[in-house]
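Peer 1: Before I ask anything, here is the structure I am working with.
The values are calculated or read from the model by the stated rules, or taken from the named source; none is laboratory data. Just so you know, these numbers come straight off a predicted model, no measurement behind them. Cβ coordinates were reconstructed from backbone atoms using ideal geometry, including for glycine residues, and neighbour counts include every protein chain displayed. These accessible areas exclude ligands, DNA and RNA; they are computed on the full protein's heavy atoms, side chains included. Shrake-Rupley method; radii C 1.70, N 1.55, O 1.52, S 1.80 Å.
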Amino acid sequence: MSNAGLTESQIDVREAIAKICEEFPDEYWAEKDQKGEYAGDLHTKLAEAGFIGICMPAEMGGAGLGIGEATVMLQTISESGAGIAVHANVYATMPLLKFATETQKAKYLPPIINGSHKVCFGVTEPNSGLDTLSLSTKAVRKGDKYIINGSKVWITNAQRASRMVLLARTTELAPQNKPSAGLSLFYADIAKGKENGQVTVTPIKKMGGRAVDANTVFFDNFEIDAEDLIGAEGAGFKQILHGMNAERCLLAGEALGLGYAALRRAAHYTSERVVFGRPVAQNQAIQHPLADSWCHLEAAKMLTYFAAKDFDNGGTSGEFANAAKYLAAEAAFTACERAILSHGGMGYSSEYHVERYLREVLVPRIAPVSREMILSYISTKVLDLPKSY
């Protein structure tokens, strides 16, 4: 990947992260993928270097940088061969930075920054999916506690997380109530809940992204301190939207990283693979698809970092973040597919890593929001077309 379009700060982050990632080559990630093992040592290295707190205040030990720098960090990690590895610990904290009180920040953020607390994001539910306003996990106030009952699904990092940014319903979903007004956000101590049996975490077996866990989480009379409510009761939906725009930028960065990694391997393999007396890379049928993918990745990269800049400058509309995630995921998927085909039969072998890239790149293509939902969003919010759902 070229550094075109990146700021000096982003280039500095890219170079520093690339240095850390030299300790974690493709072979490391292939082993983690095969064994389904968590890459905790990378998290430790990032925390030691101050990068887990890349967006957090410098006075609390963070780097004080923006989503633009966080995006280039995740892109560089992904491009090293890691794929989808650490993004939850970045985007899950965005609502805390924006909406927590200063007292809450002083309590919550330092343990995240130094790596002692890992965080997951608890929004998606089995029966509501992308229809967030229909979620049914309930939070009932009892004295100085909230009692949580319900479940969440596809919760990244919940096995190891000690805290969860949790969206729950504090007002019954009823026709006379505005659905978004009944949702509240909490910073929940799920480590305590797991210890006392109020929180159960069940892993989901996955096609890819196996170096980080995904889970179904069940809450059975799970107690949360009332002081861990973020902002006002009923304001949770608006708060998570802030984090979701950041998440789209970060996922776009990870997708780009996989796409560039795939192109790098394809170019190397086809330049060395000799058939009929010449490198297969000498054939335009090999060259042109790879060159086309580079063009699409670079275009998606420019939009991704524009979207991140918009977010860092206070932008609240999601068209750029959504479009960036869409274009980056599609360009990266095509690049990974072409990398496999450029390897011929060996592309199907785990030895050359590109099959793993293809499995990984399906994550940003599907999550955190589908391609179809993004196009529907652009249709209504940008083109002013009638809502279709």
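Peer 1: Solvent-accessible area of Leu241, probe 1.4 Å, all protein chains present, reported in Å² to the nearest ten, please.
Peer 2: The value for Leu241 is about 80 Å².
Peer 1: While we're on this one: Reachable lysines from Lys19, Cα under 16 Å, same-chain residues fewer than 8 places away excluded?
Peer 2: Reachable lysines: Lys45.
Peer 1: Out of the chymotrypsin sites (Phe, Trp or Tyr not before Pro) in segment 206-302, which ones are loop residues according to DSSP with at most 15 other C-beta atoms within 10 Å? Could the numbers behind the result be given before it?
Peer 2: Working: sites: Phe218, Phe219, Phe222, Phe237, Tyr260, Tyr269, Phe276, Trp294; in loops: Phe276.
When the chymotrypsin sites (Phe, Trp or Tyr not before Pro) of segment 206-302 are filtered for loop state and at most 15 Cβ neighbours within 10 Å, Phe276 remain.
Peer 1: May I ask you to derive the FRET efficiency for Ser2 and Ser349 from their Cβ-Cβ distance with R0 = 22 Å, giving the value to the nearest 0.05?
Peer 2: The calculated FRET efficiency here is 0.15.
Peer 1: Okay, next question. What lysines could a cross-link reach from Lys325, if we take a straight Cα to Cα line under 18 Å and drop same-chain neighbours fewer than 8 places away?
Peer 2: By straight Cα distance, Lys325 reaches Lys301, Lys309, Lys381.
Peer 1: Quick one: divide the alpha-carbon radius of gyration of segment 233-377 by 2.2 N^0.38 Å and tell me what you get. Intermediate values should be presented prior to the final figure.
Peer 2: On the way: Rg = 17.6 Å, N = 145, 2.2 N^0.38 = 14.6 Å.
Segment 233-377 yields a ratio of 1.21.
Peer 1: Using only helices, what value at 222 nm comes out for the chain when you add -39,500 (n - 2.57) per DSSP H run of length 4 or more and divide by the total residues, to the nearest 500 deg cm²/dmol?
Peer 2: Working: 13 runs with 187 residues, N = 389.
Helices in the chain give a 222 nm mean residue ellipticity of -15500 deg cm²/dmol.
Peer 1: Please report the accessible area of Asp228 (heavy atoms, 1.4 Å probe, ligands and nucleic acids excluded) in Å², nearest 10.
Peer 2: Accessible surface of Asp228 is approximately 10 Å².
Peer 1: OK, next. Once neighbouring chains are kept in place and the probe is 1.4 Å, which whole percent of the accessible area of segment 138-240 is contributed by carbon and sulfur?
Peer 2: Values: 2370 of 4660 Å².
It is 51 percent, rounded to a whole number.
Peer 1: Loop sites only, by DSSP: take the trypsin sites (Lys or Arg not before Pro) in the chain that have at most 11 other C-beta atoms within 10 Å and name the longest stretch containing none of them.
Peer 2: Values: sites that count: Lys205, Lys387.
The segment 1-204 is the longest one with no such site.
Peer 1: Taking a probe of 1.4 angstrom, what is the accessible area of Phe306 in Å², to the nearest 10?
Peer 2: Rounded to the nearest 10, that gives 100 Å².
Peer 1: Would you mind computing, in nm to one decimal, how far apart the modelled labels at Thr103 and Glu298 are, each placed 7 Å from Cα along Cα→Cβ?
Peer 2: 5.4 nm
Peer 1: Calculate, for Glu195 and Glu172, the FRET efficiency according to 1/(1 + (r/R0)^6) with r their C-beta to C-beta distance and R0 25 Å; round to the nearest 0.05.
Peer 2: Here the calculated transfer efficiency is 0.25.
Peer 1: Using the membrane-span-like helix rule (whole DSSP H runs, Cα extent along the own axis of at least 18 Å, mean Kyte-Doolittle hydropathy at least -0.5), which helices of the chain qualify?
Peer 2: Helix filter hits for the chain: 8-21, 236-272, 284-312, 319-342, 354-366.
Peer 1: Let me ask you something else. Calculated from the structure, percent of Cα pairs over 37 Å apart equals which of [x] 21; [y] 25; [z] 48?
Peer 2: The value computed from this structure is option [x].
Peer 1: Students sometimes get this wrong: rank Thr316, Thr7, Thr216, Thr334 by accessible area, probe 1.4 Å, all chains present, largest first. Don't skip to the end; give the middle numbers.
Peer 2: Numbers: Thr316 120, Thr7 65, Thr216 25, Thr334 45 Å².
Output order, biggest surface exposure first: Thr316, Thr7, Thr334, Thr216.
Peer 1: Which one of Val153, Thr132, Leu166 is farthest out on the positive end of the charge dipole of segment 113-179, using unit charges on Cβ (Lys, Arg +1; Asp, Glu -1) and the Cα centre as origin?
Peer 2: Leu166
Peer 1: Hey, another quick one. Rolling a 1.4 angstrom probe over the protein heavy atoms, how many square angstrom per residue are accessible across the chain?
Peer 2: So the chain comes to 43 Å² accessible per residue, rounded to a whole number.
Peer 1: Right, here's the next one. Rank Leu65, Leu109 by accessible area, highest first, at a 1.4 Å probe radius? Don't jump to the answer; show the numbers that get you there.
Peer 2: Details: Leu65 60, Leu109 0 Å².
Descending order: Leu65, Leu109.
Peer 1: Tell me which lysines have Cα within less than 19 Å of Lys194's Cα, excluding those fewer than 8 residues away on the same chain?
Peer 2: Lys118, Lys138, Lys145, Lys152
Peer 1: Of Glu319, Glu360, Glu48, which has the most accessible area with a 1.4 Å probe, and how do the rest follow in descending order?
Peer 2: Glu48, Glu319, Glu360
Peer 1: Next question. Within segment 56-74, which residues have the backbone N less than 16 Å from the label spot 7 Å out from Ala18 along Cα→beta-carbon, could you tell me?
Peer 2: Inside the label zone: 72-74.
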